[in-house]
1. At what distance in angstrom do the alpha carbon centres of the stretch 103-148 and the stretch 205-234 lie from each other?
2. Where in the stretch 206-299 are there GluC sites (Glu not before Pro) that are in a DSSP coil and have at most 16 other Cβ atoms within 10 angstrom of their Cβ?
3. In Å², what does the accessible area per residue of the stretch 107-220 work out to with a 1.4 Å probe?
4. For the chain, give the percent of accessible area contributed by carbon and sulfur heavy atoms, probe 1.4 Å, rounded to a whole number.
5. Mind checking the dipole of the chain: about its Cα centre, +1 per Lys or Arg Cβ, -1 per Asp or Glu Cβ, Debye to the nearest 20?
6. Roughly what would the spin-label model give for GLU252 and VAL45, points 7 Å off Cα along C-beta, in nm?
7. Pick out, in residue order, every one of the trypsin sites (Lys or Arg not before Pro) in the stretch 377-476 that is DSSP loop and has at most 16 other C-beta atoms within 10 Å; say none if there are none.
8. Which order do you get for HIS470, HIS323 if you rank them by accessible area with a 1.4 Å probe, largest at the top?
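The values are calculated or read from the model by the stated rules, or taken from the named source; none is laboratory data. It should be emphasised that the depicted structure is a prediction, and the values quoted were computed from it without experimental measurement. For neighbour counting, all protein chains shown are included, and Cβ atoms are generated from backbone atoms with ideal geometry for every residue, glycine included. Side chains are part of the model used for accessible areas, which takes the heavy atoms of the whole protein and leaves out ligands, DNA and RNA. Shrake-Rupley method; radii C 1.70, N 1.55, O 1.52, S 1.80 Å.
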Amino acid sequence: MTCTNTAHIGNVCVLGIGKTGEAACRYLSGLMPGRVDSVTLFGGVNSRESEQTRALGAAGVRCVLGTEEVEGEFDLAVVSPGIPETSAFYRAAAACSAEVISEVELAFRESPANWLAVTGTNGKTTTTSLTTHLLSEAGLSAESVGNIGVLCIEEAASRPYDGWFVAELSSFQLASSPTLRPHAAVLLNVTPDHIEWHGSMEAYAAAKEKVFANMGTGDLAVVSVDDDWCRDVAVRCSGRGLRVCELSVERELGGPDAAFERGGRLVVRLGGVEHDICSVDDLRIRGSHNWENALAASALALFMGIDAEKIASGLATFSPIEHRIEPCGEAAGIHFVNDSKATNTDSVEKALTAFDAGTVVVLLGGHDKGTDLASLSRACCARARVAVCFGEAGPRMAASLKDEAAASGSALEIVCADHLRDAFAAACAEAREGDTVLLSPACSSFDEFSNMAERGRLFKSLATDYCRAHDASGAGE
């Protein structure tokens, strides 16, 4: 057990009855009556009594349901990541509480040793999983936690004393984590996303930068310098005297601490010592964006004292994660790839680079977040052969693609469909031998699905059925 904090916490309120809120309540109620005096759950306006709330009540949690009015006096409020700082719900809790923090911050306070952190608009999950894989393959005790799906607070009490948390952290979580201090942290990229939650691009970027806020001597900040936002962060971190390992897949870097691609090989330099890790062809994960993820994970592993040979071996055995450029079948020379996790335009643009230009039938669409589509349209016209636009965002995407195709002279074929099933059928009708049918939607899934994983699983199921039908047809010839 590694929860070393024994300080008195007092009266606590928890906002939100989802997975995060329930886990926080269960943990805090386990500290009653010693360190915690009371736990009150405010479920939100749509919350209702359920088996979940009855179980929390039995554990000593007072559940206030069906409202966003927060009343009382609290020493601490723990807020779920889906509740923006700008919301009336959050402000009501802040008015009644001495402090408002995230579940990640709570876990850090309870178990502050041995944290690594990864953030960025895209690539967080792959880099987090890959870092954990490299550490585990080298014999260290490591676990992926945070935004990746395993709540930090659920694991804080049970991890071994020498265990490491590799935490994937979203901007939502970082926004309310004022004392979090990882031993090393990565910022991969900052591109427009979640602006409606943060209120501005500047606020979103500032939340990402908070991952480095409390780091100091002996810590390492790994920061991509391939976009303007991150370059500015790197400059500010260096200005504070923080050790910065610059990261790039666009050019070779100098300096004592750097990670980059050179001549098709991944190179990391730490403390002036250069390590030629491996060839990019040794990776099972495709695309230059995954070179960046591998470089970031390698820099963390080297910083942790793992030698380059073990890192190279770990990189070679790491497979694509579910819903992120995940191969999911092949029939008649047509390949199917599930990239349902690509919920913003930058992620799709990077995914397209993993395949030969002119061989991609890309499925785009879902819940329309109102994102600017100009850059995505240029990328699709340059690299895809067919774009199938579906869902709520489908019409706007199709219009943007048509405008770009007309302006650039692209031969991109544009097809419209209502739902993912229709889009899949249309994509298969357009695909030919050598093509990749790629679900990379650039949108969230909430117009048709409960989450991106449900969307990805349906795509994989459709691909499996298509491949089986083709195999059966071929077997009968």
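1. Taking the Cα centre of each part, the stretch 103-148 and the stretch 205-234 sit 17 Å apart.
2. Details: sites: GLU209, GLU246, GLU250, GLU252, GLU261, GLU274, GLU292; in loops: GLU250, GLU252.
The qualifying sites are GLU250, GLU252.
3. 30
4. Numbers: 9180 of 18660 Å².
That fraction is 49 percent.
5. Working: 39 positive and 65 negative charges, 100 e Å.
It comes to approximately 480 debye.
6. The answer from the label model is 5.8 nm.
7. Numbers: sites: ARG378, ARG383, ARG385, ARG396, LYS402, ARG421, ARG432, ARG455, ARG457, LYS460, ARG468; in loops: ARG432.
Answer in residue order: ARG432.
8. Working: HIS470 75, HIS323 5 Å².
Sorted by accessible area, descending: HIS470, HIS323.
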